[in-house]
Amino acid sequence: MAQSLSFKVGCPLINWSEHTFPDGESLVKLESAVAGVDVTIVCDLSHPNSKILPLFFLSDLLRKNGAKKLTLIAPYLPYMRQDKIFHTGELVTAESFAKLLSPYFDALYTVDAHLHRINNLNNIYKIPSTNFSAASLIGEWIKENIKNPLLIGPDEESLQWVKDASQTANAPYVVCSKIRKNDFDVEVSISGLEQYKNLNPVLVDDIISTAHTLIKAAQLLKKEGFVQIAAVATHALFAGNAFDECGKEGITPLITTNSISHTTNGIDLSPLFAKT
Ligand code: R5P
């Protein structure tokens, strides 16, 4: 993503390296001069815990070496789903993560942040924060690759993406209802499909993590008589064996954006960031 962006925008790439000591501690080293330069860091923050300290060290290092404005492009912004106290004693991690990250950068850009109960990144991030939507790119992909599509959002939260993508794809959409019992147990229900039985369903979601949401929705669609189920999502987290499970369920094609590098990547987000 950084390479593709530097090429598109016509700016140089900064050389730096990271060393991990045998005890697991990190050392970052700058190999380019950055004094007086505006620097953009592109960092896939999926599985964030191990990435966040080196990222902070790099930010510190850049500032100490005179970098001017520090912008973070995090194509996947983590911790956004814990946006309320679901069970007594929990933390709203979205807020805490924002508090932690904000001091290290002057601006933040991301795509399809899981904005639900928190409806604007600027409510929790203390730096100017922009959330792009991949919906129109997803809609374009569907328009070009799926004949007579019917877009399906697997839960109420997906409405924001499905509605916009359906406009670009010039196709109808239906949104399911979901109850999540725990990390791996979700129940999905749907109604109003009768009039669309001659269309080809495409599940559209922001995140595929355990893929249980996707799989439950696909099973439901099969029960409704649909044979081939396609899926397009922004963020390919694919925890554990989630990708294989999608394969076993026969979800095909299964396409994601390159916010997180994965074999399913088929939609390039760099045009969104190149505009910044
Ligand atoms: C949830 O609200 C999101 O929009 C996704 O539907 C969810 O994160 C997918 O998670 P999983 O793949 O673990 O079911």
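With viscosity set to 1.306 mPa s at 10 °C, what whole-number translational diffusion coefficient in µm²/s follows for segment 149-236 from Stokes-Einstein and a Kirkwood radius over Cα pairs?
Approximately 124 µm²/s, per Stokes-Einstein.
What percentages make up the Cα-Cα pair-distance distribution of segment 125-167 when the bins are 5 Å wide from 0?
5, 22, 24, 20, 12, 9, 5, 3, 1
Which value, in debye to the nearest 20, gives the size of the charge dipole of segment 141-276 about its Cα centre, when Lys and Arg are +1 and Asp and Glu are -1 at the Cβ?
Using Cβ point charges on Lys, Arg, Asp and Glu, segment 141-276 gives about 300 debye.
Relative to the compact-globule scaling 2.2 N^0.38 Å, provide the ratio for the alpha-carbon radius of gyration of segment 82-215.
Its radius of gyration relative to the 2.2 N^0.38 Å reference: 1.20.
If the limit is 30 Å between Cα atoms, which of LYS147/LYS181; LYS68/LYS163; LYS163/LYS197; LYS143/LYS248 go over it?
Over 30 Å Cα-Cα: LYS147/LYS181; LYS68/LYS163.
Two decimals is fine: what is log10 I(q)/I(0) at q = 0.11, 0.26 Å⁻¹ for segment 19-80, from a Debye sum with one equal scatterer on every Cα and no solvent?
Treating every Cα as an identical point scatterer, log10 I(q)/I(0) equals -0.28, -1.14.
So which chymotrypsin sites (Phe, Trp or Tyr not before Pro) in segment 144-225 pass both tests, a DSSP loop state and at most 14 other Cβ atoms within 10 Å of the Cβ?
Answer in residue order: PHE184.
Tally Lys and Arg at +1 and Asp and Glu at -1 over the other residues with C-beta under 15 Å from the C-beta of CYS11: what net charge comes out?
Surrounding charge for CYS11 is +3.
Could you give the longest part of the chain that holds none of the trypsin sites (Lys or Arg not before Pro) found in DSSP loops with at most 13 neighbouring Cβ atoms within 10 Å?
198-274
Take VAL202, VAL39 and order them by how many other Cβ atoms sit within 10 Å, fewest up front.
Fewest to most other Cβ atoms nearby, the residues stand as VAL39, VAL202.
For segment 1-152, what does the alpha-carbon gyration tensor say about shape, rounded, prolate or oblate, given a ≥ b ≥ c as the root eigenvalues, a/c under 1.5 as rounded, and a/b over b/c as prolate?
Oblate.
So how much slack lies between ILE52 and GLN228, counting 0.36 nm per residue of separation and subtracting their Cα-Cα distance, in nm?
59.4 nm
Measure off 7 Å from each Cα along the Cα-to-Cβ vector at SER102 and GLU25, then give the distance between these two points in nanometres to one decimal.
3.0
Rg and Dmax of the chain, Cα atoms, in Å?
20.0, 63
Which three numbers, in whole Å and largest first, are the semi-axes of the equivalent ellipsoid of segment 178-276 derived from its Cα gyration tensor as √(5λ)?
They are 24, 17, 13 Å, listed from largest to smallest.
Points 7 angstrom from Cα along the Cβ direction at LYS143 and VAL37: gap in nanometres?
So the two model labels end up 3.9 nm from each other.
Can you put THR168, THR88 in order of Cβ neighbours within 10 angstrom, beginning with the fewest?
Final ranking by Cβ density, sparse to dense: THR88, THR168.
Loop-only GluC sites (Glu not before Pro) in segment 1-65, please: DSSP not H, G, I, E or B, and at most 14 other Cβ atoms within 10 Å.
Filter output for segment 1-65: GLU25, GLU31.
Might you report the magnitude of the Cβ-based charge dipole of the chain about its Cα centre, with Lys and Arg at +1 and Asp and Glu at -1, to the nearest 20 debye?
420
Among TYR79, PHE56, ALA98, whose Cα sits farthest toward the positive end of the charge dipole of segment 39-105 (+1 at Cβ of Lys/Arg, -1 at Cβ of Asp/Glu, about the Cα centre)?
My answer, from the dipole projection, is PHE56.
Testing the spin-label approximation: label points 7 Å from Cα along Cα→Cβ at ASN15 and ASN119. State their distance in nm.
For the pair ASN15/ASN119, the computed spacing is 4.9 nm.
Using a simple charge model, +1 on the beta-carbon of Lys and Arg, -1 on the beta-carbon of Asp and Glu, nothing else, what dipole does segment 47-190 show about its Cα centre, in debye to the nearest 20?
500
Can you put ASP112, ASP183 in order, fewest other beta carbons within 10 Å first?
Arranged by neighbour count, lowest to highest, ASP112, ASP183 become ASP183, ASP112.
Each reported figure results from applying straightforward, stated rules to the coordinates on display, with no laboratory input. Since we're looking at a predicted model, the values are computed, not measured. For neighbour counting, all protein chains shown are included, and Cβ atoms are generated from backbone atoms with ideal geometry for every residue, glycine included.
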